[in-house]
Amino acid sequence: MSEDEWWRDGPPARLIKVENGLRARSLRGDIARTWWSRRFIEVLEGLGLGGRLERGKRYARQGQVVSMALSPSIVVATVQGSRPAPYRVRIGLKAFTAEQWRTVEQALAGQALYLAKLLAGEMPTGIEEVFESVGLRLFPTSFAELSMECSCPDWEVPCKHLAATCYLLAESFDTDPFEILAWRGRARDELLDALRSRRGQAPPAEPETDPLPDDPAAFWAAGPVVPAAQPPAPTAPGAVLDRLDPLPVLLRGRPLTEYLRPAYRAFAEER
């Protein structure tokens, strides 16, 4: 039974194939290859939802994920099912504050090996201990730390659309471990610049010079037209819930925030 037909009798709807969808590189077996991406997948697979996760893995390998974008505290994606319109998926993880990141950077700067590994595009194996030494955890260790939402009619979380997004997210971590740090609120260049500065390794900035034009008359000519600023991207409904600590309240065995998200989305659609 498809995700569109689970609530009624009748033949299952046919899955709509996606052209040029995001497709997992792995064709069989485990998807995550590096230890840091496995840390993320272990949380998902620890839920024991074997069949649901296997269907999500097949979706990832078939290219059913149409788009996926990561920003601090949130990953948004669209996943094609059997309905004409793709489903909207969001996965939230609380980002660290600027003060927390300054504490982390100070701890990391004291380890030359960590800086060398990060500059080489690798995640140091001991980096988890560094975060734990300042009272933080880089990787989510339980499902409660992740907020998940999908616009499909399946009430189970994670559904196969969320699972497919998680598997593709793990593969993106394989390629670029800095995406994990960006999800927690610190971009690659910002982190590396801060670490170099703290270790006194920041390269000297080259002086900025504006060469004079060959034609003296061009000196008084108007400069290039500055493009108009683009409007900020809209904030996802309920994104504020991702920046709060998990509420210690369960309703029917599920976190209270999972019941609040549909309300946020309904308010946003009415405006």
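Tabulated values for the structure
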| read-out | value |
| --- | --- |
| Those residues of the stretch 88-124 which are more than 17 Å from the chain's Cα centre (by Cα) and within 23 Å of Glu145 (Cβ to Cβ), in sequence order | Ala98, Glu99, Gln100, Trp101, Arg102, Thr103, Val104, Glu105, Ala107, Leu108, Pro124 |
| Filter result (in a loop (DSSP other than H, G, I, E, B) and crowded, with 19+ Cβ neighbours inside 10 Å) within the stretch 169-189 | Pro177, Arg184, Gly185, Arg186 |
| Single residue of the stretch 21-39 satisfying the filter (without any contact (Cβ under 8 Å) to a residue 40 or more places away in the chain and either touching a Lys or Arg at 6+ places or on another chain (Cβ under 9 Å) or polar (S, T, N, Q) (or both)) that is nearest to Ala170 (Cα to Cα) | Asp30 |
| Hits in the stretch 122-138 (condition: touching a Lys or Arg at 6+ places or on another chain (Cβ under 9 Å) and either outside any loop (DSSP other than H, G, I, E, B) or exposed (fewer than 14 other Cβ atoms within 10 Å of the Cβ) (or both)) | Thr125, Ile127, Glu128, Phe131 |
| Filtered residues of the stretch 139-168 (kept if in contact with a strand residue (DSSP E or B) (Cβ under 8 Å, 6 or more places away or on another chain), among the small types (Gly, Ala, Ser) and either more than 19 Å from Ser37 (Cβ to Cβ) or surrounded by fewer than 18 Cβ atoms within 10 Å (Cβ to Cβ) (or both)) | Ala144, Ser147, Ser151 |
| The stretch 61-87 residues that are modelled with pLDDT under 95 and part of a helix (DSSP H, G or I), paired with ones that are crowded, with 18+ Cβ neighbours inside 10 Å and of a type outside the set (D, E, K, R) (beta carbon under 9 Å, 6 or more apart) | Arg61/Ala24; Arg61/Ile31; Arg61/Ala164; Arg61/Tyr167; Gln62/Val18; Gln62/Gly21; Gln62/Ala24; Gln62/Ala164 |
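Rundown of residues vs (1) touching a strand residue (DSSP E or B) at 6+ places or on another chain (Cβ under 7 Å); (2) surrounded by 14 or more Cβ atoms within 10 Å (Cβ to Cβ); (3) more than 16 Å from Pro140 (Cα to Cα); (4) not aliphatic (A, V, I, L, M), yes/no style:
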site: Leu44; (1), (2), (3), (4): no, yes, no, no
site: Glu54; (1), (2), (3), (4): no, no, yes, yes
site: Arg61; (1), (2), (3), (4): no, yes, yes, yes
site: Gln64; (1), (2), (3), (4): yes, yes, yes, yes
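The values are calculated or read from the model by the stated rules, or taken from the named source; none is laboratory data. Remember, it's a predicted structure, so these values are computed and weren't measured experimentally. Counting neighbours? That spans all protein chains shown, and the Cβs are built from the backbone with ideal geometry, glycine included.
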